[in-house]
1. Show Val60, Val21 ordered by accessible area, largest first, where the area counts protein heavy atoms only and the probe is 1.4 Å.
2. When only the heavy atoms of the protein chains count and the probe is 1.4 Å, how do Val46, Val83 rank by accessible area, highest first?
3. Can you spot the aspartates and glutamates whose alpha carbon is less than 20 Å from Lys18's alpha carbon? Ignore those fewer than 8 places along the same chain.
4. Which links in Lys9/Lys49; Lys32/Lys88; Lys9/Lys36; Lys50/Lys105; Lys9/Lys88; Lys30/Lys110 stretch past 23 Å when you go from one Cα to the other?
5. Might you work out the accessible area of Glu14 for me, using a 1.4 Å probe with all protein chains in place, and round it to the nearest 10 Å²?
6. Using a 1.4 angstrom probe on heavy atoms only, work out the carbon and sulfur share of the accessible area of the chain in %.
7. What nm distance separates the two modelled labels at Ala106 and Ile7, each placed 7 Å from Cα along Cα→Cβ?
8. So how do Arg87, Arg38 rank on accessible area, 1.4 Å probe, biggest first, that is with the largest at the start?
Amino acid sequence: MNMVDIIEKENLNENAPKINVGDTVKVFYKIKEGDKERIQGYEGVVISKKNGSVRETFTVRRISYGVGVERTFPVHSPLIDHVDVIRKGSPRRAKLYYVRERTGKAAKIKSDENR
């Protein structure tokens, strides 16, 4: 095992969220404002997952005041308090980038209950 693998293994988070592409999730993220710290929720659809190990990230997309907003979160970040899965999705793609061009009902991802 090389040195990079050893350091990555130390920084792995055992409580990492178990999410898949297509899931609607609510990510509770710790935000520092001056000397205070608070938790803010960010709800949307997971449109991609990348990499693996400590470098693993997932991108969440939501519509805010009519504008699409995407945010990428590191899975093993200590700033993520917890992630709630609101709805399980069952897409036919690994990356849901096509959702960017769609709005309303066309952007809806089929759920596991519908299949």
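1. Working: Val60 0, Val21 25 Å².
From most accessible down to least: Val21, Val60.
2. On the way: Val46 0, Val83 30 Å².
Descending accessible area places them as Val83, Val46.
3. Glu8, Glu10, Glu43, Glu56, Glu70, Asp81, Asp84, Asp112, Glu113
4. Lys32/Lys88; Lys9/Lys36; Lys50/Lys105; Lys9/Lys88; Lys30/Lys110
5. Here the residue's solvent-accessible area equals roughly 150 Å².
6. C and S atoms contribute 49 percent here.
7. That separation, rounded to one decimal, is 4.7 nm.
8. Most to least solvent-accessible, the answer reads Arg38, Arg87.
The values are calculated or read from the model by the stated rules, or taken from the named source; none is laboratory data. None of these values were measured; they are calculated from a predicted model. Using ideal geometry, Cβ is built from the backbone for each residue, glycine included, and neighbour counts are taken over all protein chains shown. For accessibility, only protein heavy atoms count, side chains too; no ligands or nucleic acids. Shrake-Rupley method; radii C 1.70, N 1.55, O 1.52, S 1.80 Å.
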